[in-house]
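Read the structure below first, then the notes.
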Amino acid sequence: MSEDELRPPPIRPANWLPGIAAPAAEDIVSCVSCGLCLPHCPTFRLTGRETASPRGRIAAMRAVQEGQATVDATFRTMMDECLACRACETACPSGVPFGRMIEAARAQVEQVRPIRARGPRALGLKYVLPRPWAVYAAGTGLGLAQALRLDRLAPAAARVVSPRISLRQLARPLPQAMGTGPTAALLCGCVMDVAFRDVQRDTMRAVAGSGYRAVRFRPGGCCGALAMHYGYPEAARRMARERIAECEDAEVIVVNSAGCSNHMKTWGHLLADEPRWAARAEAAAARVRDLLEMPLVTRVRDLGTIACHDACHHVNGQALGPDLRRIVSSTGATPVEIPGGGHCCGAAGLYSVLEPELSAQLRRDKAEAISATGASSVAVANPGCAIQIAAGLREIASPIRVVHPAQLIR
Ligand code: SF4
Ligand code: SF4
């Protein structure tokens with residue numbers, strides 16, 4: 001064998017787009033391609049395609065990292081089809097941090113998205129969400145369109161999963177503060193604040209009734225989770241800095257949306273390279289409590305049987321499944337398990353709008369599983385899941401009501 005043949009092949013430079021967040025090389029190599037995550041992945045279960053599996057997606061990231069592929073349309077489709085539900089992360093025996101890998105990969109693919117598709121995403125995630133007045137304007141516009149029934153003109157897939165906006169609720173601001181005790185600041189958020197104002201009010205009541213002085217963050221102030229999940233980390237950083245500055249006096253930061261609490265617990269990691277913010281972000285993240293983690297005082301009522309829906313960002317991100325059942329039980333209701341309870345409902349942030357076909361299959365499966373429980377209501381603690389599940393139950397004409405745990409406690 002000649003000397004040339006014995007020489008190892010040259011290491012090719014990674015093909016990530018420069019100046020944009022990218023999956024870390026050490027995260028990519030932590031996957032040993034064992035495939036144990038495959039049965040847990042909703043998109044693999046639906047399609048049976050390796051390219052729609054966690055292992056396939058990581059292999060695609062590895063090919064770009066090793067200079068054998070580029071961030072192109074094929075790579076983009078593979079990342080777009082992922083729900084970022086992190087069921088693979090929970091299942092993985094090697095501890096592969098898939099959640100942060102897919103977020104970074106999505107920052108990359110956003111750069112190669114045709115401008116026609118990128119424009120509306122950038123408008124919503126980069127320009128509307130960071131501006132509370134724009135969040136309100138968008139919510140009010142949607143509420144008016146629904147009141148005038150102009151929403152019928154929207155594509156059916158978008159209409160089904162649009163949150164119902166109550167203009168009456170929107171016109172009733174949350175109180176600045178309720179109760180006495182240690183200060184607990186409630187994240188108002190974006191979707192929660194414009195589409196679930198009644199849940200926000202019940203959350204403040206529940207927290208105040210449990211011995212806290214419940215105050216609210218700035219109305220309409222988004223935590224940045226959606227921007228982070230969909231490839232706009234700079235917008236997510238901006239929102240994190242603004243929310244952190246608003247809540248530094250609070251002993252506890254209460255969040256009643258699974259996706260938001262999960263994201264806010266990563267603020268320290270998100271701002272770790274910003275000297276002015278790193279320590280403040282770390283401290284704020286340490287004070288974040290999902291509502292399910294709060295020591296809540298509940299009262300017993302006759303609520304019947306309640307099916308417990310586990311939001312992915314509760315079970316996969318925060319291991320809060322038992323807490324939901326504890327709260328439901330404490331109200332006197334009987335918690336009921338949903339068959340295939342760990343499976344994603346297909347809401348996944350904007351997935352129901354961006355990937356309507358896969359999302360619709362997951363929605364129907366989830367609605368049928370909930371219906372099979374025969375429960376009177378289903379407890380759901382995430383706005384995307386609540387909208388998606390309510391739509392699914394309507395589609396199959398089920399009478400089961402969707403309730404947020406805060407509504408059980410008040
Ligand atoms: S992500 Fe984990 S479980 Fe899935 S193939 Fe890689 S090492 Fe195996
Ligand atoms: S995050 Fe969810 S959809 Fe994406 S690869 Fe993992 S299990 Fe599959």
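Quick note: the coordinates plus some simple rules give every number you see, no bench work behind them. Predicted model, so just to flag it, every value in this text is computed and none were measured. Using ideal geometry, Cβ is built from the backbone for each residue, glycine included, and neighbour counts are taken over all protein chains shown.
What to note about this one:
- Label sites at T180 and A245, each approximated as a point 7 angstrom past Cα along Cα to Cβ, lie 3.3 nm apart.
- Cα long-axis angle, helix 383-395 against the chain (0 to 90 degrees, to the nearest 10): 80 degrees
- Centre separation in Å (Cα based) which lies between segment 261-326 and segment 137-208: 20 Å
- Net lengthening on full extension, E395/A272 (0.36 nm per residue, minus Cα-Cα): 39.8 nm
- Against the chain, whose longest principal axis is taken from its Cα atoms, helix 54-65 shows a tilt of about 50°.
- Overall dimensions of segment 239-340, expressed as equivalent-ellipsoid semi-axes from the Cα gyration tensor (√(5λ), whole Å, largest first), are 32, 15, 8.
- Distance from segment 380-410 to segment 16-30 (C-alpha centre basis), Å: 37 Å
- Along each principal axis, Cα extent of segment 12-112, largest first, Å: 34, 24, 20
- Take the Cα of L46, step 7 Å toward its Cβ, do the same at I20, and the gap between the two points is 2.4 nm.
- Residue-averaged [θ]222 nm for the chain, counting only DSSP H segments that reach four residues, each worth -39500 (n - 2.57): -13000 deg cm²/dmol
- Structure remark: mean-square fluctuation, Gaussian network model of the chain, C-alpha springs under 10 Å; the largest value among P54, P13, P132 belongs to P13.
- Averaging 1/r over every pair of different alpha carbons in segment 114-297 and inverting the result gives a Kirkwood radius of 17.1 Å.
- Fully extending the segment from T74 to R152, taken as 0.36 nm per residue of separation minus the present Cα-Cα distance, adds 24.7 nm.
- V29-D302 pseudo-label distance in nm [points 7 Å out on the Cα-to-Cβ vector]: 6.5 nm
- DSSP bridge orientation in the chain - percent antiparallel, rounded to nearest 5: 10 percent
- Against the chain, whose longest principal axis comes from its Cα atoms, helix 233-246 is set at around 40 degrees.
- Considering only alpha-carbon pairs that sit under 8 angstrom and 6 or more positions apart, the relative contact order computed for segment 305-409 is 32 percent.
- Rg over Rh [alpha-carbon atoms, Kirkwood Rh] for the chain: 0.98
- Mean separation of Cα contacts under 8 Å, 6 or more apart, over the residue count of the chain: relative contact order %: 14 percent
- Placing one equal scatterer on every Cα of segment 305-409 and applying the Debye formula, the log10 ratio I(q)/I(0) at q = 0.10, 0.17 Å⁻¹ is -0.23, -0.69.
- Highest average packing first - 81-91, 113-123, 177-187, Cβ atoms within 10 Å: 81-91, 177-187, 113-123
- For segment 86-210, projected area of the alpha-carbon convex hull averaged over all directions, nm²: 11.6 nm²
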